[in-house]
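What follows is one structure encoded as structure tokens, with my remarks underneath.
The values are calculated or read from the model by the stated rules, or taken from the named source; none is laboratory data. Please read all numbers here as calculations on a predicted model, not as lab measurements. Here Cβ is always computed from backbone atoms with ideal geometry, including for glycine, and neighbour counts include all displayed protein chains.
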Amino acid sequence: MIALKRFNQLDSGEATALLQPCVAIPAWTAALVQGRPYADLPALLSAAREAAQAWGEAELAQALSAHPRIGEKPVGQQTHAALSRQEQGAVDASDARLAQALREGNARYEARFDRIFLIRAKGRSGEAILAALEQRLKNSDAQESAESLAQLREITLLRLEGAISE
Ligand code: 2AL
């Protein structure tokens with residue numbers, strides 16, 4: 001976690017590296033780096049939200065390359081892998097029935113929508129995630145694309161709030 005004042009002063013390479021784990025969309029990272037300095041945290045968060053508004057299918061595909069499936073906690077040392085593990089902290093990996101249900105649900109979702117199921121996991125139990133997955137399998141393509149992008153924006157903003165403080 002670094003202070004906003006410090007973030008404002010980093011060279012652009014360092015600032016880019018700091019934002020990269022929030023989302024694997026280079027245009028979003030670049031817009032936030034170029035938008036410095038920010039007067040306060042609300043200004044940064046509102047710029048971050050605004051830069052995420054334009055995201056569509058192409059950005060979703062880019063971003064998903066850095067998100068593991070729910071139930072597959074990544075083992076890597078990279079910051080985004082550690083963040084994913086934390087975010088899925090309430091998914092009980094020792095519950096074999098839940099793990100199996102998530103594997104099956106993920107597979108059905110991928111067969112239906114041709115990309116991985118994405119949900120803001122922080123604050124959600126494994127059961128809540130499974131229920132949301134079942135519900136979202138009923139969505140149309142357009143509804144589900146909008147929902148995935150909304151989840152991606154939530155994950156990104158939460159990560160940003162965890163990276164930079166007032
Ligand atoms: C994730 C992830 O990595 N963090 C989170 O909140 N959700 N992955 C996913 N497939 O939904």
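Only residues that are among the polar types (S, T, N, Q) and away from the ligand (no atom under 13 Å from the Cβ): list them for region 126-166, please. Walk me through how you get there before you give the answer.
Kept after step one, since they are among the polar types (S, T, N, Q), are these residues of region 126-166: 135, 139-140, 143, 145, 148, 151, 156, 165.
Those that are among the polar types (S, T, N, Q) and away from the ligand (no atom under 13 Å from the Cβ): Gln135, Asn139, Ser140, Gln143, Ser145, Ser165.
Exactly one of these conditions fails for Ala90: (1) farther than 30 Å from Tyr38 by Cα; (2) modelled with pLDDT of 95 or more; (3) of a type in the set (A, V, I, L, M, F, W, C). Give me its number.
The single condition Ala90 does not satisfy is (2).
Can you tell me which of Ala61, Ala96, Ala82 is closer than 30 Å to Asp114 by Cα and away from the ligand (no atom under 16 Å from the Cβ)?
Result of the check over Ala61, Ala96, Ala82: Ala96.
Give me the residue from region 103-122 that is near the ligand (Cβ under 9 Å from one of its atoms) and either under 16 Å from the mean Cα position of the chain (by Cα) or not polar (S, T, N, Q) (or both) and, out of that set, surrounded by the most Cβ atoms within 10 Å (Cβ to Cβ).
Here is the first cut: in region 103-122, the ones near the ligand (Cβ under 9 Å from one of its atoms) are 106, 116-122.
Filter once more, so that each one left must be either under 16 Å from the mean Cα position of the chain (by Cα) or not polar (S, T, N, Q) (or both): 116-122.
Numbers: Ile116: 16, Phe117: 26, Leu118: 22, Ile119: 22, Arg120: 18, Ala121: 23, Lys122: 16.
Per the criteria, the residue is Phe117.
What pairs come out if I take residues in region 150-161 that are within 13 Å of Ala63 (Cα to Cα) and pair them with residues that are assigned to a helix (DSSP H, G or I) whose C-beta lies under 7 Å away, six or more apart or interchain?
Pairs that qualify, where the first residue is within 13 Å of Ala63 (Cα to Cα) and the partner is assigned to a helix (DSSP H, G or I), are Leu152/Leu60; Leu152/Ala63; Arg153/Ala52; Thr156/Cys22; Thr156/Ala52.
From the set of residues in region 20-32 that are in a helix (DSSP H, G or I) and under 11 Å from the mean Cα position of the chain (by Cα), which is surrounded by the fewest Cβ atoms within 10 Å (Cβ to Cβ)?
Pro21
How about region 75-166: which helices (runs of 4 or more DSSP H) wholly inside it have at least 1 residues that are among the basic types (Lys, Arg) and either touching a strand residue (DSSP E or B) at 6+ places or on another chain (Cβ under 8 Å) or closer than 20 Å to Met1 by Cα (or both)?
Per the criteria, 79-87, 141-163.
Going through Gln151, Gln100, Gln78 one at a time, which residue ends up being out of contact with any Pro (no Cβ under 8 Å at 6 or more places or on another chain) and surrounded by fewer than 13 Cβ atoms within 10 Å (Cβ to Cβ)? Walk me through how you get there before you give the answer.
On the way: Gln151 fails: surrounded by fewer than 13 Cβ atoms within 10 Å (Cβ to Cβ); Gln78 fails: out of contact with any Pro (no Cβ under 8 Å at 6 or more places or on another chain).
Matching residue, one of Gln151, Gln100, Gln78: Gln100.
Kindly provide the set of residues from region 1-19 that are touching a residue at least 40 places away in the same chain (Cβ under 8 Å) and assigned to a helix (DSSP H, G or I), ordered by number. Before you say what the answer is, go through the steps one by one.
The initial filter retains those residues of region 1-19 that are touching a residue at least 40 places away in the same chain (Cβ under 8 Å), namely 1-4, 7, 18-19.
Result: Leu4, Phe7, Leu18, Leu19.
So that you can scan it fast, the table gives a plain yes or no per residue for (1) out of contact with any Asp or Glu (no Cβ under 9 Å at 6 or more places or on another chain); (2) of a type in the set (A, V, I, L, M, F, W, C):
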| residue | (1), (2) |
| --- | --- |
| Leu4 | no, yes |
| Trp28 | no, yes |
| Leu60 | yes, yes |
| Gly76 | yes, no |
| Ala82 | yes, yes |
| Arg97 | yes, no |
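What tally of residues in region 1-19 results from selecting those that are surrounded by 13 or more Cβ atoms within 10 Å (Cβ to Cβ) and either among the hydroxyl-bearing types (Ser, Thr, Tyr) or modelled with pLDDT under 95 (or both)?
1
Considering every residue within region 31-54, establish whether at least one is modelled with pLDDT of 95 or more and within 16 Å of the ligand (Cβ to nearest atom).
yes
State yes or no: is Thr156 at negative phi, surrounded by fewer than 16 Cβ atoms within 10 Å (Cβ to Cβ) and in contact with a helix residue (DSSP H, G or I) (Cβ under 6 Å, 6 or more places away or on another chain)?
no
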